[in-house]
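See below for the structure under consideration.
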Amino acid sequence: MSNCLLLFRVNKLWWDPPQPPLITTQLPRVDRYFAQRLLLWMPRKLWKVMLYCPHEGCEKKPLTSAGIYSTVRQVLDIDSFYNLAAEYLECRSCQRKVISWSPEIVKQLDAGHQVQFPVLLTYQYACDVRVIRLLRNRGLGNSSTQLQKKLTEEHSEKWLQKSAQYLTDCKYFASASKRGLTGPVKFQEPPEFVPVPKYGWLLTVYALDIMTRMDYIKASITSVFGRILKMDSTKKVVRKLAGDSAGTASWATNIGNEKGQVLMSVMTVNDGTGLENMANGLVKEKIFFGWYFTS
């Protein structure tokens, strides 16, 4: 099928493979039992959005469609793998191309469309975000090694179910062939089980997930430490300095909150010296984190 015809027929994100019939009247085909679903990521085609060239020096020129990218990625899901295909985008100005699953392209979409791309990409594999969500609440018994074992169990159970269904239908035709009801038949072997990536790769993808949620994580961590900041200076702390640090500072300025927690501590030679930049930075941060000061 040509790219033009394929682009014309695209009207949804997820494409499910045809399912094997409930009553088998034809020789079973292995692809009907082990076919994977497809995520066809084509934001420009599906939502008619304007995307711009992310390359430097191109002044954000509009991108045009350049067909389907030739590489299809395998994405790790909870109980199986699925395929990820994407459109190729080209800049008419710099003549360079970019894949629609690139972070520079996905970030140009609004939040409602970004969340419909559930894949975290690495160099060799890709992972569905539902898998990584299982690692977000880290604790005893919720390690990457334990997750890798659970995924292997889920994948193997799903593979065994498909194999049992396929071999059962093949057995029906094999029995009919032995009784002379049909001619000799030859069946395809079930595909080999695809192993789940190692726990180290799961940790790598988990780190990528953290980077995509960094602003939210910072806000969540900061909200634990209260909303009121108070600045106070004292000499009692610096008098306890010993060794090479003794005598190097005269004042200790602390930033605390309404819960009595010290969030930041700065040593200075004189009272108030060098604290203006720190105070200005905290005032700017209060816009994002919801802090306010009290005298």
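Assess whether G200 counts as being farther than 25 Å from Q36 by Cα, modelled with pLDDT of 90 or more and not hydrophobic (A, V, I, L, M, F, W, C). In short, yes. Within segment 21-42, residues that are part of a loop (DSSP other than H, G, I, E, B) reach partners that are of a type in the set (S, T, Y) with beta carbons closer than 8 Å, at six or more positions or on different chains, in the pairs T24/Y172; P28/Y166; Q36/S80; Q36/Y82; R37/Y82; M42/S100. Scanning segment 106-122 for residues that are under 21 Å from I68 (Cβ atoms) and within 14 Å of the chain's Cα centre (by Cα), we see that the one that is most open to solvent (accessible area, probe 1.4 Å) is Q116.
Within segment 79-105, the set of residues being surrounded by 14 or more Cβ atoms within 10 Å (Cβ to Cβ) and in contact (Cβ under 8 Å) with a residue 60 or more places away in the chain comprises S80, F81, E87, W101, I105. Of the residues making up segment 153-190, just one is at pLDDT 90 or above, part of a loop (DSSP other than H, G, I, E, B) and surrounded by 14 or more Cβ atoms within 10 Å (Cβ to Cβ), namely P190.
The values are calculated or read from the model by the stated rules, or taken from the named source; none is laboratory data. If you're wondering where the values come from, they're calculated on a predicted model, not measured in any experiment. Cβ atoms come from the backbone with ideal geometry, glycine included; neighbour counts cover every protein chain shown. With ligands, DNA and RNA removed, areas are computed over all heavy atoms of the protein, side chains included. Shrake-Rupley method; radii C 1.70, N 1.55, O 1.52, S 1.80 Å.
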